[in-house]
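Have a look at the structure below, then the notes.
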Amino acid sequence: MAAAESDCKALFSLDSYHVSEELGFILPDPLEELPPYYQPWMDIALRVPELVHSHELRFRINKMPLLSSQFLQKHRELRLAHLALSVMTMGYTWQEGENNTVEMLPHNLAVPYWEVSQRLGLPPILTHADAVLANWRKKDPEGPFDMENLELLVSLPGGDSVRGFFMVTLLVELAAVPALRNIPTVINGVRCGDTEAVARALEEISQSVQDMTDALKLMHVYVEPSVFYGIMRIYLSGWKDNTCMPRGLVYEGVQTEPMEYSGGSAAQSSLLHCFDELLGVKHNASSGAFLTRMRNYMPPAHKQLIQDISLQPSLKSFVQQQSSERLTQAFQHCVTKLLALRSYHINIVSRYITVPAARARQLRDHSQDSEEEMISRAPTALEERGTGGSGIMTFLKTVRDQTKDAFLPDTSNK
Ligand code: HEM
């Protein structure tokens, strides 16, 4: 009893995890400019798509001065610097496609990139935390947080589809904010035995996960599959488990041995990792290893939150012990919605990767029109793999099926 009371008093909260009340994991008000000393970086970062298009990016980066990272102080300065150096790195590596990659990132880019990455606890490659969470501004600062009023700070080749891809993902993050806010309520309710509070919080989480699925549907409106597959995808790809960069990448001036990093993927979003830990979704050795590795690509405070949720008393056992109809329903509903989100995501992956990959295989060498040509020129090394390097469909279906195992037994939800 005394232990339960003290558990009740030491309330779990999101305060120490860099989670915003309004925006969740999204970085509030990302900076748009660095101190003037860093103008040589921003001059290039803001022009990556056009410099890639004219094949000048590598040349421009090779001539860039070596700048010290010591004048970057605030968290938001470091995040913008990481974002800018990341898009330069992706453009530099993939400017000539998969057949003419580089083995080394020049020291004037690699050294400050490494230093900024170390200070943020992020890897030196473009992550979800850069491209989505810290890459937005409102056109009208007083206007709504929606597609019409949002724009990217920096971009990659692929035009409007790049904006669509990052912004829709940002809206999925936004839709999840009520779910995130309710996680402490669930944890504290379990600790204190408050069945009603847990049930209410789970109902809100279900709704929020449904809203995430609805936001994900916008992908179809804003992202063109042939552009995603044929142009954009390579710029999100990493140098780990990637056959066209089998040895990884040397960060000149940092270490002589090449290093391997996975490409950007929303598998690096902390959201589903939090929900899985809360609901007790368990992953098997192989999919679990990939997802666990993706946690190293998140801001450390967000990774810590996932870890701390995993250490809480089991929600599933609590629901089983309480035998409350409302609570049981609310829990099952959450798992149902998470499953539906993962199933919908698999449809998206099929439309944006599996179908174009099959077409690319068919069309290679006989392409006539320009859209088909774009698809058939897409990198072959990525046909079966996600940008994070996973074998896509097997992985995603395994993860989805493991979500089903979180259902409580003896229900009609299965
Ligand atoms: C065109 C849109 C998208 C495509 C083509 C896509 C593709 C993929 C692929 C290929 C993977 C496998 C892991 C990898 O190798 O990277 C993956 C994983 C994942 N994606 Fe997406 N994705 C898209 C949008 C999103 C969005 C908007 C979210 C929401 C935040 C999301 C959340 C996830 C999650 C959480 C995983 C890890 C697997 C899981 O937990 O179920 N994806 N995605």
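Under a Cβ-only charge scheme (Lys and Arg +1, Asp and Glu -1), can you give me the dipole magnitude of region 2-404 about the Cα centre, in debye to the nearest 20?
840
Between beta-carbons, use under 13 Å as the cut-off and find the net charge around Arg60, counting Lys and Arg +1, Asp and Glu -1.
Here the charged neighbours net out to 0.
Give me the distance in nm between label points sitting 7 Å out from Cα along the Cα-to-Cβ direction at Gln73 and Val102, one decimal.
So the label points at Gln73 and Val102 sit 3.2 nm apart.
For the chain, what does the helix formula give at 222 nm: sum of -39500 (n - 2.57) over DSSP H segments with n ≥ 4, over the residue count, nearest 500 deg cm²/dmol?
So the calculated ellipticity at 222 nm is -16000 deg cm²/dmol.
What's the extension gain from Leu218 to Leu408 if we count 0.36 nm per residue and subtract their Cα-Cα distance?
Roughly 65.2 nm would be gained on extension.
Any idea how far the Cα center of region 33-60 sits from the one of region 249-301, in Å?
28
Suppose a student asked you for the relative contact order of the chain, using Cα pairs under 8 Å spaced at least 6 residues apart; what percent would you report?
About 19 percent, as a whole number.
For the chain, list the cysteines whose Cβ sits under 4.7 Å from no other cysteine Cβ?
Those would be Cys244, Cys274, Cys334, since no other cysteine Cβ in the chain comes under 4.7 Å of theirs.
Of Lys282/Lys397; Lys139/Lys217; Lys217/Lys397; Lys282/Lys337, which pairs sit farther than 21 Å apart, going by alpha carbon to alpha carbon?
Result: Lys139/Lys217 exceed 21 Å.
So how far apart, in nm, are the two label points at Ser323 and Arg247 if each is 7 Å from Cα heading toward Cβ?
Distance between label points: 6.6 nm.
Compute the Cα gyration tensor for region 225-365, then decide on rounded, prolate or oblate, letting a ≥ b ≥ c be the square roots of its eigenvalues: rounded whenever a/c is under 1.5, prolate when a/b is larger than b/c in the other cases, and oblate in all that remain.
oblate
What percent of all Cα-Cα pairs in the chain falls into each 20 Å bin, going from 0 up to the bin containing the maximum distance?
Once binned at 20 Å, the Cα pair distances of the chain give 26, 55, 18, 1.
Which net charge results for the neighbourhood of Ala176, defined as the other residues with beta-carbon distances under 12 angstrom from its beta-carbon, given Lys and Arg at +1 and Asp and Glu at -1?
Spelling it out: positives minus negatives among the neighbours equals -2.
Read the figures in this text as sums done on the coordinates, not as results from a lab. The structure presented is a predicted model; accordingly, all values stated were derived computationally and were not measured. Because the Cβ atoms are built from the backbone with ideal geometry, glycine has one as well, and the counts that use them run over all protein chains shown.
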